[in-house]
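The values are calculated or read from the model by the stated rules, or taken from the named source; none is laboratory data. The model shown is predicted, which means the values in this text are computed figures rather than measured ones. Neighbour counts run over all protein chains shown; Cβ positions are idealised from the backbone, glycine included. These accessible areas exclude ligands, DNA and RNA; they are computed on the full protein's heavy atoms, side chains included. Shrake-Rupley method; radii C 1.70, N 1.55, O 1.52, S 1.80 Å.
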Amino acid sequence: STISKNSLKTSLLQLECHFTWTLLKQDIDLDDLEESTLNQIKFFIESNLKNYNLLSYIYHLKNSNEEALRSLQKAEEVVQKHHPDEIARRSLVTWGNYAWIYYHMKRYEEAQTYASKVENSCRELSSTAHCKTQLPEIYAEEGWALLSFGLKYYERAKNCFENALKDEPDNPDFNAGYATALYRLEDFAFRNGEEITPSIGALKRAVELNPSDTCLMALLALKLQDLKLVDEGERYIEEAMQKTPDLPYCLRYAAKFYRRKGDPCKAVNILKQALELTPNSGFLHHQLGICYRGHVLKWKKTKNPPQDQVERLIQLAIFHFKIVADQKAKFIAAHTDLAGMYALGQRYEEAEEMFQELLHRNDLSCTEKQDVYFRYGNFQLFDMKSKSKAIKYYIEGLKIEKDSFVRNKCSEAVQSLLSEKIERGLGDATDFGTLGLVHNLNGKKQEAIECYEKAIALDCNNKEYLNALCDLQLSI
């Protein structure tokens, strides 16, 4: 009956599991997440409970509820094998997922059975009926799930691990999750030129508590490299590769370390090793492309680069970027990198086509859009030799108000193009008007007013400049 269905829904919403953690499928590439979770299951036996739980949710999102149930059975097997004396405590998330999946399959009795199972277990396990407040591993499992759903979720993931650590400050898994969340948040902030919060302490502590976790070791190495402590970082990388020579996750970080250290040959060899282990990894193909591109740019700086070798490296970079771009629509960096690589290989039509595709997409984040405008501006300036078009697209990047590293690059690029012309005494009304717009977009109102006044002096009937000046004077 509908009443029991509604009351069932109410009790389902109380459960702590993937279905109540607001993990939205539009934020990730489902096929990609499925593949990476299956790889995790293959390479990390000890964390398979949370991987099978996550996999069940992924299968549900892909409308394969039967598959989802099979994953939950595997999760139960893991608990029986590894935690036979803590079955209830370790199964709460699994049972919550069971309840939801049965609910979606309209098998309401079974859904009710699992919901009740969770409620009863919570009563037995803790003084309050509400489980999460009592059980740190539920916070941790939520944290790991959030980390797998991408950047938007990292802040929430960090908070989950903080909550888990309140109860068990020395738990290796919680410390690993906390350090990973901090590292990723910081890595993103670092790329956007923001202040860094020190993840280094959290990483060192996590590595001490998890001496066999070579991925954490590799993250610590990359962090040390950021802080210019390259030798110390390299010791950790070498130790990690010795301990787990066949772990693709560790190898990909090692490759990144050597690429950033300026040793692209070593990086390429490590990436090829990792690619043999996980042949469909978009991340690895993208990193290979970046390495080959680095090689090309290094050659281009020399006097007489060997043309055939440069050409071969360009082809290789295009090949790897293209694999990722074809496979992964949401991996925007691979698409912009491919467009840039076509330009570097003087395949201008293909570059133009890629850029147009990116310019017309409506699923990009603000920083991704800024990056596309900036790179397309560069393409117009350096490859198509069109300053006016370059200026136009740098300004499009500036109009997106989100403060970022790339927005500053757009600002610098357009100002240097305009100032150069004005300083040579060749500036016309349009140049002063455009510079006025740039200053205005950057919040420099006084400079903007001066530019618009010069523009109007050169073109006194221009409505656009008169209106802009009027608005600015009113706003001050």
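Any residue that is under 21 Å from residue 213 (Cβ atoms) and surrounded by fewer than 22 Cβ atoms within 10 Å (Cβ to Cβ) - is there at least one of those in the range 267-277?
Yes, some residue in the range 267-277 is under 21 Å from residue 213 (Cβ atoms) and surrounded by fewer than 22 Cβ atoms within 10 Å (Cβ to Cβ).
Which of the residues that make up the range 164-202 are within 16 Å of residue 218 (Cβ to Cβ) and acidic (Asp, Glu)?
Within the range 164-202, 186, 187 meet the criteria.
Pull up the range 453-468, narrow it to residues that are under 18 Å from residue 399 (Cα atoms) and open to solvent by less than 30 Å² (accessible area, probe 1.4 Å), then point me to the one that is farthest from the chain's Cα centre (by Cα).
Applying the filter and picking the extreme gives 465.
Working carefully through the options 141, 119, find the one that is outside the structural domain of residue 32 (by the TED database) and either open to solvent by 60 Å² or more (accessible area, probe 1.4 Å) or outside any loop (DSSP other than H, G, I, E, B) (or both).
Just a single option satisfies the conditions, and that option is 141.
Could you tell me which of the residues 99, 75 is more than 28 Å from the chain's Cα centre (by Cα), in the same structural domain as residue 19 (by the TED database), closer than 22 Å to residue 120 by Cβ and open to solvent by less than 50 Å² (accessible area, probe 1.4 Å)?
99
Quick test of your reading of the structure: residue 305 fulfils all but one of (1) buried (at least 19 other Cβ atoms within 10 Å of the Cβ); (2) modelled with pLDDT under 95. Name the failing condition by number.
(1)
When both residues are 6+ apart or on different chains and their Cβ atoms are under 7 Å apart, which pairs have a first residue that lies in the range 417-443 and is over 23 Å from residue 401 (Cβ atoms), and a second that is acidic (Asp, Glu) and part of a loop (DSSP other than H, G, I, E, B)?
Close Cβ pairs satisfying both conditions: 429/459.
Looking at the range 266-282, I want the residues that are over 18 Å from residue 44 (Cβ atoms) and outside the structural domain of residue 42 (by the TED database) and have a partner that is among the polar types (S, T, N, Q) and assigned to a helix (DSSP H, G or I) with Cβ atoms under 6 Å, at least 6 apart or on another chain. Which pairs are those?
Note: pairs meeting the criteria are 271/287; 282/327.
May I ask you to say which residue of 216, 147, 220 is aliphatic (A, V, I, L, M) and either without any contact (Cβ under 8 Å) to a residue 24 or more places away in the chain or farther than 30 Å from residue 25 by Cα (or both)?
The unique qualifying residue is 220.
Could you pull out the residue among 80, 112 that is of a type in the set (S, T, N, Q), farther than 14 Å from residue 137 by Cβ and without any contact (Cβ under 8 Å) to a residue 24 or more places away in the chain?
The match here is 80.
Since residue 330 meets every condition but one in (1) surrounded by 21 or more Cβ atoms within 10 Å (Cβ to Cβ); (2) not in a helix (DSSP H, G or I), which condition does it not meet?
Single failed check for residue 330: (1).
Mind checking which pairs have a first residue in the range 453-476 that is basic (Lys, Arg) and a second that is open to solvent by less than 100 Å² (accessible area, probe 1.4 Å) and not in a helix (DSSP H, G or I), Cβ under 9 Å, 6 or more apart or different chains?
Filtered contacts from the range 453-476: 454/427.
From 257, 283, grab the single residue that is within 29 Å of residue 200 (Cα to Cα), in a helix (DSSP H, G or I) and open to solvent by 20 Å² or more (accessible area, probe 1.4 Å).
283 is the lone residue from the list that is within 29 Å of residue 200 (Cα to Cα), in a helix (DSSP H, G or I) and open to solvent by 20 Å² or more (accessible area, probe 1.4 Å).
Within the range 49-61, does at least one residue satisfy the condition of being within 18 Å of residue 30 (Cα to Cα), in a helix (DSSP H, G or I), open to solvent by 30 Å² or more (accessible area, probe 1.4 Å) and among the hydroxyl-bearing types (Ser, Thr, Tyr)?
yes
Considering the range 31-48 alone, what residues qualify as being open to solvent by 30 Å² or more (accessible area, probe 1.4 Å) and not polar (S, T, N, Q)?
31, 32, 34, 35, 38, 42, 43, 44, 45, 46
Inside the range 360-469, counting only helices (runs of 4 or more DSSP H) that do not spill past its ends, which hold 3 or more residues that are among the charged types (D, E, K, R)?
366-378, 387-399, 405-423, 445-458
Could you tell me which numbered condition residue 124 fails, if it satisfies all but one of (1) surrounded by 14 or more Cβ atoms within 10 Å (Cβ to Cβ); (2) in contact (Cβ under 8 Å) with a residue 24 or more places away in the chain; (3) farther than 13 Å from residue 9 by Cα?
(1)
Does the range 172-181 hold any residues that are open to solvent by 20 Å² or more (accessible area, probe 1.4 Å) and either under 17 Å from residue 156 (Cβ atoms) or of a type in the set (D, E, K, R) (or both), and which are they?
173, 178
Which numbered condition trips up residue 138, out of (1) more than 25 Å from residue 60 (Cβ to Cβ); (2) of a type in the set (A, V, I, L, M); (3) at pLDDT below 95?
Of the numbered conditions (1) more than 25 Å from residue 60 (Cβ to Cβ); (2) of a type in the set (A, V, I, L, M); (3) at pLDDT below 95, the odd one out for residue 138 is (1).
Does the range 406-435 hold any residues that are exposed (fewer than 15 other Cβ atoms within 10 Å of the Cβ) and under 34 Å from the mean Cα position of the chain (by Cα), and which are they?
412, 416, listed by residue number.
Just to verify a result, which residue in the range 1-30, among those that are among the aliphatic types (A, V, I, L, M) and within 23 Å of the chain's Cα centre (by Cα), is surrounded by the fewest Cβ atoms within 10 Å (Cβ to Cβ)?
24
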